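Shown next, in C-alpha cells, is the structure this report addresses.
Bear in mind these aren't lab numbers, they're just calculated from the coordinates by the rules spelled out. Computed from a predicted model, the values in this text were never measured in an experiment. Here Cβ is always computed from backbone atoms with ideal geometry, including for glycine, and neighbour counts include all displayed protein chains.
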Amino acid sequence: MLIYKIFRAGEWRALRENATTRGAPVDLADGYIHFSTAAQAPETAAKHFAGEDGLMLVAVEAAALGDALKWEESRGGVLFPHLYRALRLEDVHWAQPLPLEGGAHSFPPGLT
C-alpha cells in the first residue's frame, strides 16, 4: 500500500540534497512525519496546503517502513500513517508535482 507525503519545494529539495529528512516544521514539532492514504491526501492538501503551489506529492510503500510506521487516530478519529524515524530518499517510491489548478490541487488520475 502506498502512503503519501506532501512537500513544499524547499522541503523536497532538502530531502533530495541530504537523502534524509525529519519532515516539515509540523512533523518536527509532533515528533513524527505525517503521511496520508490516497483517500486522505486531497483533504490533507486542502486543509494544510490551501492555495499553495509548487508542491510535490511523494509516494512511499508503507510495508517498507516496518515498525517505524504507526497508524494513529487524527482528524475525526480516522487512522493516519505516522513515521517515527527519518524519511530516506531511498524510501520514496515515486514523486511528482502536485499542481494547483483552479484553486484546488490536481492529484494524479486513479489516486483519489
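Annotations for the structure displayed:
- Counting beta carbons within 10 Å around each of 84, 4, 32 and listing the fewest first gives the order 84, 32, 4.
- Ordering 4, 56, 33 by the projection of their Cα atoms onto the charge dipole of segment 2-101, which places +1 on the Cβ of Lys and Arg and -1 on the Cβ of Asp and Glu, puts 33 at the extreme positive end.
- Of the options (1) 1.28; (2) 1.24; (3) 0.99, only one is Cα Rg over 2.2 N^0.38 Å as computed from these coordinates, and that is (3).
- Ranked list, fewest to most other Cβ atoms within 10 Å of each Cβ, for 94, 12: 94, 12
- The slack between residue 85 and residue 38, meaning 0.36 nm per residue of separation minus the straight C-alpha distance, is 14.8 nm.
- Order of 60, 92 under a 10 Å beta carbon neighbour criterion, fewest first: 92, 60
- Rounded to the nearest 20, the Cβ-based charge dipole of the chain about its Cα centre (Lys and Arg +1, Asp and Glu -1) stands at 120 debye.
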